[in-house]
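The values are calculated or read from the model by the stated rules, or taken from the named source; none is laboratory data. Predicted model only: the values in this text are computed from it and were never measured. All Cβ positions, even for glycine, are placed from backbone atoms using ideal geometry, and neighbour counts span all protein chains on display. The area values use the complete protein model at the heavy-atom level, side chains included, leaving out ligands, DNA and RNA. Shrake-Rupley method; radii C 1.70, N 1.55, O 1.52, S 1.80 Å.
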Amino acid sequence: MPLQIIRQDITKIECDAIVNAANESLLGGGGVDGAIHRAAGPELLEECRTLGGCRTGEAKLTGGYRLPCRYVIHTVGPVWRGGGYGERELLASCYRSSLELAAEHHCESVAFPLISAGAYGYPKDQAIRVAVSVIGEFLMESDMLVYLVVFGRDDFSIGKKLFTDIVCFIDDHYAAAHTDPLEEQRRRTQCYEATMHPCGAAMPPPPAAKARRGVALPHLRRKKKDAALPQASQADAALPDLSDYVGQIDESFSTMLLRKIDERGMTDVQCYKKANIDRKLFSKIRSDVHYKPSKPTVLAFAIALELSLPETLDMLMKAGFTLSHSSKFDLIIEYFIRQGNYDIFEINEALFAFDQSLLGG
Ligand code: AR6
């Protein structure tokens, strides 16, 4: 997944470069700057002294010394002064300059903290939006693995209204069915009544079994004397033999994906970039008609293609999955699709806020 949002101490991340939220002197300070200097050792400060500082919105590169990365890219974010002093453009420039510097040094992976979102006071929700949008734009043109590192739980807060709406949606569809004691009691009573059917007859088959009946395979046909399921043998009579039946296999996930990309008038690159899926994974899917993707991968493509809910379910089914109201992850995805909001980064923010795994490869 080209952009990954992770919660970790940036000084522990093994990648080509980590970015430091420094000040214009480049001579160290508190927050992430202090942590990076401490972990890198005094040689980092020695090299920083030779750089002659750095202007706000720009970036400079040093070695990583004792850190598990090759380089440290030092950038200076703007101090938040209410938003009317070009803060957004300066912050965007920090991310852009750092990414360009990383690309010049052939870095394949870079980790960013939330620049300006600590001592410099940039509101965290706005800071993360700037980060995600600039990194997302950059990744449309380049192949790089970028980590956006959030440190505390507070670092990452989706808008309050969005959070509340998702909580309500989950409550409506999930929590009530799982936590309400009255609901639980009703369920138990229903189960008890069903198993204690007075005439001792078999319980009615569940809907899935009903649906399967019409397609039961020949070698599974019941003998005539099995009077409990007479409809099954009538329906079975119309079945083709097994090889013809298997020959009716439906379009695969890979075929459906490529068809949908064409129908949407997108290029493959536009699609996998929008899905936040890396090129190698996309090539595997394209070259293997029977490729079995993970569920988050299918959903990432469904979001990139802006599929409706029925289309999303269809695509999930091709890969053997579905959306369930018993899963918070699924409910969050369903919420966004129902809202017509296909911004994968916003969806990932929400998934992250609810401690769910993220979309992408
Ligand atoms: N790993 C990842 N993120 C961290 C870590 C860590 N080890 N430590 C803090 N953060 P800040 P700024 C997060 O204050 O706002 C310094 O003194 C933190 O939670 O480090 O750009 C410099 O010298 C926050 O979300 O940077 C400057 O004077 C984010 O990193 C000034 O602070 C940035 O917080 C720069 O302020």
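Here are the numbers for the structure shown:
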item: Tally, over the stretch 98-124, of residues that are among the hydrophobic types (A, V, I, L, M, F, W, C) and assigned to a helix (DSSP H, G or I); result: 4
item: Residue in the stretch 25-41 that is outside any loop (DSSP other than H, G, I, E, B) and touching a His at 6+ places or on another chain (Cβ under 7 Å) present; result: no
item: Positions within the stretch 117-156 being within 11 Å of the ligand (Cβ to nearest atom), among the small types (Gly, Ala, Ser) and farther than 19 Å from residue 72 by Cβ, in sequence order; result: 121, 127, 152
item: Some residue of the stretch 294-304 being closer than 26 Å to residue 133 by Cβ, open to solvent by less than 20 Å² (accessible area, probe 1.4 Å) and out of contact with any helix residue (DSSP H, G or I) (no Cβ under 6 Å at 6 or more places or on another chain); result: yes
item: Residues within the stretch 332-361 that are of a type outside the set (S, T, N, Q), farther than 17 Å from residue 271 by Cα and assigned to a loop (DSSP other than H, G, I, E, B), tallied; result: 4
item: Residue check for residue 114: within 16 Å of residue 3 (Cα to Cα), touching a helix residue (DSSP H, G or I) at 6+ places or on another chain (Cβ under 7 Å) and within 10 Å of the ligand (Cβ to nearest atom); result: yes
item: Output for the stretch 1-21, where each listed residue is more than 10 Å from the ligand (Cβ to nearest atom), among the charged types (D, E, K, R) and either outside the structural domain of residue 139 (by TED's automatic domain parsing) or in contact (Cβ under 8 Å) with a residue 60 or more places away in the chain (or both); result: 16
item: Residues located in the stretch 76-100, provided they are of a type outside the set (Ser, Thr, Tyr) and open to solvent by less than 30 Å² (accessible area, probe 1.4 Å); result: 76, 77, 78, 87, 91, 92, 94, 99
item: Counted residues, the stretch 22-69 - those being in contact with an Asp or Glu (Cβ under 8 Å, 6 or more places away or on another chain), open to solvent by 30 Å² or more (accessible area, probe 1.4 Å) and within 8 Å of the ligand (Cβ to nearest atom); result: 1
item: Qualifying residue in the stretch 80-90 (condition: more than 27 Å from residue 344 (Cα to Cα), at pLDDT 95 or above, more than 14 Å from the ligand (Cβ to nearest atom) and charged (D, E, K, R)); result: no
item: Among (1) open to solvent by 50 Å² or more (accessible area, probe 1.4 Å); (2) touching a Lys or Arg at 6+ places or on another chain (Cβ under 9 Å); (3) under 13 Å from residue 254 (Cα atoms) - the single one residue 316 does not satisfy; result: (1)
item: Selection from the stretch 212-264 of residues that are modelled with pLDDT of 65 or more and among the aliphatic types (A, V, I, L, M); result: 238, 239, 242, 246, 249, 256, 257, 258, 261
item: Selected residue (criterion: most open to solvent (accessible area, probe 1.4 Å)) from residues of the stretch 125-168 that are modelled with pLDDT under 85 and part of a loop (DSSP other than H, G, I, E, B); result: 151
